[in-house]
Amino acid sequence: MVNDAPEIVLLPGLDGTGDLFDRVVPHLARDFTVTVVRYPPDPTLGYAGYVELVRNVIGSRPVYVLGESFSGPVAVLLAAQLGAQVQGIVLAASFVKHPWPGWLIRRSVRVDPRTTPPNIRNAILMGPYGDGELREEVEKIVQALPRPVRNARLRAVAEVDVEADFMRLECPILALHGRSDWLVRKSLMQKVIGEKGRARMIVFPAAHMLLQTQAAAVATEIIEFTKSSAEENYEA
């Protein structure tokens with residue numbers, strides 16, 4: 001990869017590890033300098049804290065930003081704060097406002113995912129699109145994620161609403177979603193994309209973990225999006 005390749009910064013989902021980008025990074029690395037952000041296991045951080053952390057990683061460099069699931073609002077707030085420095089954002093299986101009623105998300109804090117039957121968890125996250133290696137990786141991450149950190153992030157999701165910031169964005173926007181994602185329903189993103197205009201949404205045959213189960217196809221769409229980001233219109 002040449003040194004002047006555009007940079008894309010990948011922001012992780014609720015686990016915060018960045019490990020689940022391992023499948024999509026090799027496909028993106030053909031056209032990008034790829035930076036994977038890894039969140040510290042700090043239960044005191046809220047969305048503002050994650051935004052500040054990522055701003056420190058980015059510095060003054062021009063970048064594209066991908067926010068997966070939990071990190072979609074981080075990507076939106078970064079673009080709102082940094083202006084033209086963010087050349088475009090990609091929201092993967094994500095949201096701009098809490099995807100379920102706040103009370104329901106807060107109630108899920110009581111559930112210990114380490115005791116959830118893996119087949120149920122995998123059905124929610126991967127549907128029929130997963131494989132044994134991915135299931136093992138998810139199990140390892142679930143067992144390692146400190147429960148106070150997970151709970152703090154869920155509480156942040158229960159309160160988040162960056163829809164107004166999203167509507168004011170002037171950078172190109174690409175939303176990627178799984179057709180079978182019921183953890184974060186695609187209809188919510190379709191609605192705001194349709195209202196926003198100058199944005200595009202692509203739906204894949206996938207559940208929530210589309211970056212892991214459709215890595216090559218997703219990377220192709222991201223690369224095409226950035227190559228065409230100088231165009232005038234991004235219609236939903």
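Bear in mind these aren't lab numbers, they're just calculated from the coordinates by the rules spelled out. Here the structure is a predicted model, which means the values were calculated and not measured. With ideal geometry, Cβ positions are generated from the backbone for all residues, glycine too; neighbour counts draw on all protein chains shown.
Dipole magnitude for the stretch 97-225: computed about the Cα centre from +1 point charges on Lys and Arg Cβ and -1 point charges on Asp and Glu Cβ, it is near 580 debye.
Assuming a ≥ b ≥ c are the square roots of the Cα gyration tensor eigenvalues, decide whether the stretch 9-113 counts as rounded (a/c under 1.5), prolate (otherwise, with a/b larger than b/c) or oblate. Mind dumping the intermediate values first?
Working: a/c = 1.84, a/b = 1.49, b/c = 1.24.
Prolate, because a/c is 1.5 or more and a/b exceeds b/c.
Comparing Cα centroids, the stretch 25-85 and the stretch 127-184 end up 14 angstrom apart. Per-residue Karplus couplings for the stretch 138-148, computed as 6.51 cos²θ - 1.76 cosθ + 1.60 with θ equal to phi - 60°, are listed in order as 5, 4, 4, 5, 4, 5, 8, 6, x, 4, x Hz, Gly and Pro entered as x.
Mind checking the dipole of the chain: about its Cα centre, +1 per Lys or Arg Cβ, -1 per Asp or Glu Cβ, Debye to the nearest 20? Don't jump to the answer; show the numbers that get you there.
Numbers: 26 positive and 27 negative charges, 167 e Å.
Computed about the Cα centre, the dipole is about 800 debye.
Which residues' amide hydrogens lie under 5 Å from the amide hydrogen of Phe204, considering only partners 5 or more residues apart or on another chain, with H built in the peptide plane? For Phe204, the qualifying residues are His177, Gly178, Arg179.
Every Cα-Cα pair of the stretch 91-200 was included, and the share exceeding 24 Å stands at 34 percent. Applying the Karplus relation 6.51 cos²θ - 1.76 cosθ + 1.60 with θ = phi - 60° to the stretch 10-22 yields 3J(HN,Hα) values of 9, 10, x, x, 4, 5, x, 7, x, 5, 7, 8, 4 Hz, where x marks Gly and Pro. Please work out whether the stretch 166-236 counts as rounded, prolate or oblate from its C-alpha gyration tensor, where a ≥ b ≥ c are the square roots of the eigenvalues and a/c under 1.5 means rounded, while otherwise a/b larger than b/c means prolate and anything else oblate? Because a/c hits 1.5 or more and a/b fails to exceed b/c, the stretch 166-236 counts as oblate.
Find the lysine pairs in the chain meeting two conditions, Cα atoms under 22 Å apart and a separation of 8 or more places or different chains, and report how many there are.
Details: Lys97/Lys186; Lys97/Lys191; Lys97/Lys196; Lys186/Lys196; Lys196/Lys227.
Lysine pairs meeting both conditions in the chain amount to 5.
Can you compute the equivalent ellipsoid semi-axes for the chain, i.e. the square root of 5 times each eigenvalue of the Cα gyration tensor, sorted largest first and rounded to whole Å?
Values: eigenvalues 132, 76, 66 Å².
With the √(5λ) rule applied to the chain, the semi-axes are 26, 20, 18 Å.
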